[in-house]
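Step one of this worksheet: look at the structure below.
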Amino acid sequence: MASPAKFRIDVDIHNILTGSNQKGPEPAKAMGLTLPQPKFPQHPELLSDPGPTVPPERREWSTREIYRKMRGWLFPYIRSRVYPGEFHPITAYLFLEYKCNLDCWYCWSFNNQVKGMTEDVAKRSIDWLHDHGCRVLALMGGEPLLRPQFAHKVVDYAAKKGFWVYIATNGRLLRPEVMDRLGDAGVACINFALDSWDLKPSLPKALVPAEKNLEYVLKKQYVYGNMVFFNINICRNNLEDVRRLTEYAREHRVATDYHINETPMIEQDDHFKHLYDNPTYIRPEDWRAVDETIDWIIEKNRSGYQMVNSIPRLKEMKAFIRMSSGLDLRKVGWYGDGTSGNGEVTALIDAMPGIERDESGELSFAEWSCRAGQNNVIIRTDGTVGPCFPMYSSNYDWGNIDQPKFDAKQMGEMKKTCQKHCFSTLNHNLAYCYNDARVIKWLWKQAKNGFGAGARSFED
């Protein structure tokens, strides 16, 4: 197996983002603030409601729940279109932890030496985002439920300020009593990250160890009014698991969101110990099998399975695994074995309008108007900020919650390169919706459906 590159982004921009001559951003200064202690239960009548035994064929959303979605997503979008200035965050990733209870071999967002976020930073981060019009808050890690009482406080405080709160978790720590507190506090979405059916040495985010928690969450979503979806990372060693998890999601009326396993976009420090000999990384000999899995997912999408990914984006996954390999497709062919020539490669790429080739034959994403640092922002555990998730480990100084330093010119130059390599589902969806006609069409379609379609791509 060829050794993977230490990073995927171009060398010049990589040196700017990780230069050793940069001291990095200053952490937010502590002010000693604390989060309010949540009242529990706020809705005692919901605790005893077990939820439906069988999931309904169609999810019916109350007026209050529809308004919560509009307040989280639509109103900030409209605000960003009519207010002056470049920085109008719609979505924000709040990293409560960099630590995790699992060790997924592909994950570079894992470092058990980094201290978790304080209540002081969490409160001021939420207030700062609120002041700038943001109303979607994703609690991230590591594993954001390592300190469930802290997560409960964050959800309660943010929900009371009008945020649509989303939690990304592997589910192992989402015990029924934790779900009850989060649901009672007003969590809007639970994202179960699941890569395998049962435990695998390199893929511990498995359904079976978290199944009891998941079963409870799936029932109680109808009680607390939140939604649930699965986040599935397609690797070389979980292709059968991907199909099985997809069918489980369908059976339980749960949406799915797919990613293609990536090597790091920028170089990681010594805490990332799985760069080499990693069984999760997709190799040329896996391309055919991965293509077949993606084609299977596309057919399920067409048949009505709920998916966050659009069909065009699913198709582009095939090109992404090849562009990440660094191999010349004109020589190795579409399947890495030389059996398909340049004509076939050209035809396949021409069918993917989001992909382009340069004169040397190298693939990259076409310019897609990334909105990172404008309508999307991350806040690290120490209160420093960055434009997007792949830039978490960059030591470039974008400032902190007290003094952000997002510069449109710097980010514009950076994006000319980094967006060629980035497959972020969220940021692609954000960019796609910055077209008023598309948003109006999508809203009209959702309204005609009674806002009961669940999680779907803007392109569907």
Filter result for A437 (assigned to a helix (DSSP H, G or I), modelled with pLDDT under 85, closer than 30 Å to I311 by Cβ and among the small types (G, A, S)) = yes
Picked from the stretch 27-67 (must be under 27 Å from the mean Cα position of the chain (by Cα) and modelled with pLDDT of 95 or more), the residue nearest to Q149 (Cα to Cα) is L35
Of the candidates T280, T256, the one satisfying the condition of being crowded, with 20+ Cβ neighbours inside 10 Å, closer than 25 Å to D10 by Cβ and in contact with a Leu (Cβ under 9 Å, 6 or more places away or on another chain) is T280
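Could you list all residues from the stretch 48-65 that are among the basic types (K, R), part of a loop (DSSP other than H, G, I, E, B) and over 9 Å from Y222 (Cα atoms)? Lay out the reasoning, then the answer.
Looking only at the stretch 48-65, we keep the residues that are among the basic types (K, R), and these are 58-59, 64.
Pick out the ones that are also part of a loop (DSSP other than H, G, I, E, B) and you get 58-59.
Within the stretch 48-65, just R58 meets the criteria.
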Residue set G133, G72; condition among the small types (G, A, S), closer than 19 Å to C433 by Cβ and buried (at least 21 other Cβ atoms within 10 Å of the Cβ); output residue G72
Every listed condition ((1) out of contact with any helix residue (DSSP H, G or I) (no Cβ under 6 Å at 6 or more places or on another chain); (2) within 30 Å of K420 (Cβ to Cβ)) holds for P27 save (2)
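Is it fair to say S109 is crowded, with 16+ Cβ neighbours inside 10 Å, at pLDDT below 90, among the hydroxyl-bearing types (S, T, Y) and closer than 22 Å to T425 by Cβ? So that I can check it myself, show each step before the final result.
On the way: crowded, with 16+ Cβ neighbours inside 10 Å: yes; at pLDDT below 90: yes; among the hydroxyl-bearing types (S, T, Y): yes; closer than 22 Å to T425 by Cβ: yes.
The answer is yes for S109.
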Within the stretch 85-124, the residues that are over 29 Å from L199 (Cβ atoms) and of a type in the set (V, I, T) are I90, T91, T118, V121
Exactly one of F95, F87 is in contact (Cβ under 8 Å) with a residue 12 or more places away in the chain, touching a strand residue (DSSP E or B) at 6+ places or on another chain (Cβ under 6 Å), closer than 30 Å to R8 by Cα and not small (G, A, S), and that residue is F95
The residue that is modelled with the lowest pLDDT, considering only those in the stretch 352-392 that are touching a helix residue (DSSP H, G or I) at 6+ places or on another chain (Cβ under 8 Å) and among the hydroxyl-bearing types (S, T, Y), is S364
message: Scan the stretch 199-218 and tell me whether some residue there is hydroxyl-bearing (S, T, Y), crowded, with 21+ Cβ neighbours inside 10 Å, farther than 28 Å from S303 by Cβ and in contact (Cβ under 8 Å) with a residue 60 or more places away in the chain.
response: no
Here the residues within the stretch 161-178 that are buried (at least 22 other Cβ atoms within 10 Å of the Cβ) and more than 18 Å from L137 (Cβ to Cβ) are N170, G171
Residue hits (the stretch 72-102; charged (D, E, K, R), more than 15 Å from V377 (Cα to Cα) and more than 18 Å from the chain's Cα centre (by Cα)) are R79, R81
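The values are calculated or read from the model by the stated rules, or taken from the named source; none is laboratory data. Bear in mind the structure is a predicted one, so any value in this text is a computation, not a measurement. Backbone-built Cβ (ideal geometry, glycine too); neighbour counts: all protein chains shown.
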